[in-house]
RNA sequence: GCGGAUAUGGCGGAAUUGGUAGACGCGCUAGAUUCAGGUUCUAGUGCCUGCAAGGGCAUGGGGGUUCGAGUCCCUCUAUCCGCACCA
C-alpha cells in the first residue's frame, strides 16, 4: 500500500486531535522542574484566507515545537486571532455585514486552512481578541494603568477629513486625500488617550542588550526609540515670555542666528491671532501630512514679529514658524545654527539668515573646538557644553535632558471595531474611569455603518447612556476605542490561561511558561508591535502579574513571501492559495518546500511550482526507502564489529543527527536542516550491503529526523515500523559520539594561496608530519621545482598546509 | 529624508570560527526503464581553454589587510523593507 498524502494527512490529523497529542499542561499539573518550551508565532489578523506568509511562519514554529516535544519538553504552542481592526469595519460599510459576523466566518475558514497544514497547536487555548471575554482584560489593564498614572489625555494631530467629518488612518490617506472619496485631509489636533510609554523609554533601550534577537532588529528598535542626550534651556522673547528649546549641540550656541518653532507651538498659535499671514501659513502646513513634512526637501518658514534675546550675547534673533520642526519631539522649538546643522543651514539659505562658523572640526556637522565664542573659544565641544549648562542654569534654566523620538502611545481610535475605552464623561467630575465591576463594557449591536461622520459608536443611544461611577449622575460614555496594538500586547499570556473568567491570567502560569523561548513573525513588526508588547509586559511586571523583564527571549523575523518579485496581494492578483498546493502535493510537501526554499530571514519568491515537485519527490523516496525495509528486533551491534561501509554510513547518519540538532537548537537554520536530511537519504540509497539490524537503526533514525518537518508521513512510517505511539512523542535520536570520530582526515595543500593537492591522512597525524607529507607529495613537485620555500603555515585544526614559495 | 537589510552558476541557495567556493534542490542535456504519460533510475552540468592530463578565471564594481577573503576594512552601484491610525 502506498502512502497517499491527500487521504492519510486528514486521518492522521484526526488522530492527533482525538488523542490531544499537542495538549500543553497547566502549571498546576507540572512539577517546578519540568522542562518547558514556549513556542510563539505572531497571531494572524483574520482577513479571510491564509497566505503563504502564514504558512511559512506557522511551519517554522511547528518544526521547532515538534522538535522540542521530541526532546522531552512540555511545549506551549497555540493560535489565536487578532480580530479587531479596520477591514471588518470596511466590510460592514461596503457589504452591510456586521463586523462580528464577517470576523467569525473568516476565523472559521482560516482555522480550517491552518489545520490542514498539520501544525501542532493546542487548540483548546485558542482565543480571539474581539470576544468580550478577551477585551474585558484590555479594559481592566487600562483601569490599572489609569490608577498608576500611566494613562493621560492630551491633544495630538489626527488625519481629519472635513467633508466626511471622520478621522482617517494613515493608510486611508493618499496624497493628502481620502483614498476612497478623494476628499481633502488635514492635520487636526484632537483630545486623545495616551499610554505613557516614554516613562519606560530608557529601559526599553537598555533591555535590548539582554535579548537574543537579531542585531538588525535591535538596531531598528534603538533608532525608533531614538534616545539622545542633550540640554533644554530657554530664550527670553522681547515681550517677556520664554520659549524652551532642546539641543544636542549646546556648544554651537554662539552660532545661533534664529529660532524655529513648530506651527503647532502655543507661542505661534497665540501670535497667529494678531498676524493673518502667520495664521495662513500654519493652516497650509496643517494640510501637509507628517510624511510630507519629513520627506519634503523644502524647508518652509514664516518670519513672525517676535524676537528672542540670545542668553549670552543679548543679540536679538528672529523667531520663525517652520515646517521642519515637529511639536512632538523635544520641546517643539529649536535654536537655528546654520553653520553646524544641515537643516538649519538649508533654512538659512532660503531665508537669507547669517551663517556663522563657531566650531572647528573635520566636518561642519561634527563636534570639535570652539571659535568665535567669547571666552568659551578654545574649549572642546564637550567642555563647552558642560560649562554652558553651568553658566545658563539660573538665567536660562539650562538642564541636561534626555529626549526620545519614541512618542507616548496614542491609543484613541474613532472606530467601532475595537475595545471600548472604559471611561465616562461626567458634567461634574470630568473624565472618570469605569468601575471594575462594570467590565466588560461591551460593543453595542444597534449601529449604523456609513463611513462618514464621527465614530459609529456615537449612533448608539444605548451605548452612550452611562452613569458616573464617582457621583452617580447621568454621564456620556466614551466612544473612542483602543488601538488594536493593545490586543496584541499581552495575548501570549492569555494563551496560558485562556478560559479564566476572573483574571486576565494566573500569574503562576506566567511564571511557569514565560518568557517566551522563541517568537517568530514578520520583520514588518520589528518596531511597533515588538516595542508595544515589550512595554506592556514591563507594565504587567510592575503590576506584579508577569515576572520576567522581557517577554520574548529569542526572536526570529522571517522574510516575506513574494510572487514575481512583489508582495502577494489581492489587488495585484498574484496570490498563491495554500489550499491549492496542499490539494496537489499534500501538506508535508508544502511544509518541506517552504522551509527548504530559503533561509528564514530572507524573502522568498514563489516563482512557480518547480521547487515543490522536488520536495514531493524527496518524500516519496523516503517512503520507498522505509517501505523496502523489513523490520527486525535485532539490536545494533557494537561499533567495533561493523563493516567499514556500515561504519562510514552510520557516521554519516550520526553526523546528520548532530547537524540537524545544531540547526534546530542553536542556529535556527531550517533550509540546511532539510538539505542535511536529503544528503543523508542520498548516502543511504547508495549503500548496498547492510545487515538488517543496521538498516533498522538507520530507518528508525531517519523517520524521527523527518518528524518535525514532514510529520504526517513520519507518523505513517512510524506506525509501519511497528510502533504503537505517535512519532510526535518519540524521543529525538541521540548521537553515538563514537561514530562521529573519523579515522582519516583530508588535508588540503595550498601553494601561494592556491589549492594544489589533497592528502588523506590518519586522523592522529601531527602537524609537523602533515607538513612533511605535503612536501613529499608528487602532484606538488611541479609547483616547488626551482623555487625557494619561504614560509609554511599549518593553522590550528590542521586541515590546511599553506606553502609560500618564490623564484629561487 | 531617516532607519534597517541584501547582492554567490540558468534559478533557490550552501560554505557554522578568515581555511577545498558552488553542498542540497530546481532546471537543463544524454542514456535506460515504462511506454498513454507529467513515473522512476543512471551519468553529466560555474565560465574560458585543451584531444587529454591539466591550466586559467570566478562570490554586484573598484581598492585594501592577510600565507589565505564570499567572509574583515574602505569606497561605489543596484535592489528590497519599515517610518507611528493596515494588521
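The values are calculated or read from the model by the stated rules, or taken from the named source; none is laboratory data. Just so it is clear, the structure is predicted and the values come from calculations on it, not from any experiment. Note that each Cβ is placed from the backbone with ideal geometry, even for glycine, and that neighbours are counted across all protein chains shown.
Some observations on this one:
- On the stretch given as segment A:357-375, residues that are under 18 Å from residue A:248 (Cα atoms), touching a residue at least 24 places away in the same chain (Cβ under 8 Å) and in a loop (DSSP other than H, G, I, E, B) total 6.
- Number of residues in segment A:202-215 that are part of a helix (DSSP H, G or I), within 13 Å of RNA strand B (Cβ to nearest atom), farther than 18 Å from residue A:542 by Cα and touching a residue at least 24 places away in the same chain (Cβ under 8 Å) equals 0.
- Unmet requirement for residue A:199, which otherwise passes all of (1) closer than 30 Å to residue A:282 by Cβ; (2) within 15 Å of RNA strand B (Cβ to nearest atom); (3) at pLDDT 80 or above; (4) surrounded by 14 or more Cβ atoms within 10 Å (Cβ to Cβ): (1)
- Segment A:99-118, residues that are out of contact with any strand residue (DSSP E or B) (no Cβ under 9 Å at 6 or more places or on another chain) and either surrounded by fewer than 16 Cβ atoms within 10 Å (Cβ to Cβ) or closer than 30 Å to residue A:589 by Cα (or both): A:101, A:105, A:108, A:109, A:112, A:113, A:114, A:115, A:116, A:117, A:118
- Qualifying positions in segment A:523-548 - over 15 Å from residue A:492 (Cβ atoms) and surrounded by fewer than 22 Cβ atoms within 10 Å (Cβ to Cβ): A:523, A:524, A:526, A:527, A:528, A:542, A:543, A:544
- Residue in segment A:779-787 that is assigned to a strand (DSSP E or B), within 14 Å of RNA strand B (Cβ to nearest atom) and either surrounded by fewer than 20 Cβ atoms within 10 Å (Cβ to Cβ) or at positive phi (or both) present: yes
- For segment A:578-637, filtered to residues that are crowded, with 18+ Cβ neighbours inside 10 Å and in contact with a strand residue (DSSP E or B) (Cβ under 7 Å, 6 or more places away or on another chain), the residue that is nearest to residue A:8 (Cα to Cα) is A:597.
- Selection from segment A:178-196 of residues that are in a strand (DSSP E or B) and within 14 Å of RNA strand B (Cβ to nearest atom): A:178, A:186, A:187, A:188, A:189, A:190, A:191, A:192, A:193, A:194, A:195
- Residue match in segment A:59-77 (condition: within 12 Å of RNA strand B (Cβ to nearest atom) and surrounded by fewer than 22 Cβ atoms within 10 Å (Cβ to Cβ)): no
- Taking segment A:117-133 as the range and being within 13 Å of RNA strand B (Cβ to nearest atom) and outside any loop (DSSP other than H, G, I, E, B) as the test, only A:128 passes.
Results for (1) within 18 Å of residue A:699 (Cα to Cα); (2) touching a helix residue (DSSP H, G or I) at 6+ places or on another chain (Cβ under 6 Å); (3) within 11 Å of RNA strand B (Cβ to nearest atom); (4) at pLDDT below 85, shown as yes or no for each residue.
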site	(1), (2), (3), (4)
A:613	no, no, yes, no
A:649	yes, no, no, no
A:656	yes, yes, yes, no
A:666	no, no, yes, no
A:685	yes, no, yes, no
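- Search result, residues across segment A:687-729 that are part of a loop (DSSP other than H, G, I, E, B) and over 13 Å from residue A:63 (Cα atoms): A:687, A:688, A:689, A:690, A:691, A:721, A:722, A:723, A:724, A:725, A:726
- All positions within segment A:480-522 that are outside any loop (DSSP other than H, G, I, E, B), within 16 Å of RNA strand B (Cβ to nearest atom) and crowded, with 19+ Cβ neighbours inside 10 Å: A:481, A:482, A:487, A:488, A:489, A:491, A:492, A:494, A:519, A:520, A:521
- Index of the failed condition, residue A:141 passing every other in (1) assigned to a helix (DSSP H, G or I); (2) more than 25 Å from the chain's Cα centre (by Cα): (2)
- Flag for residue A:288 being part of a loop (DSSP other than H, G, I, E, B) and either more than 16 Å from RNA strand B (Cβ to nearest atom) or modelled with pLDDT under 90 (or both): yes
- Hey, residue A:695 more than 15 Å from RNA strand B (Cβ to nearest atom), under 39 Å from the mean Cα position of the chain (by Cα), surrounded by 16 or more Cβ atoms within 10 Å (Cβ to Cβ) and in contact (Cβ under 8 Å) with a residue 24 or more places away in the chain or not: no
- Residue in segment A:731-740 that is over 30 Å from residue A:20 (Cβ atoms), modelled with pLDDT under 80 and surrounded by 15 or more Cβ atoms within 10 Å (Cβ to Cβ) present: no
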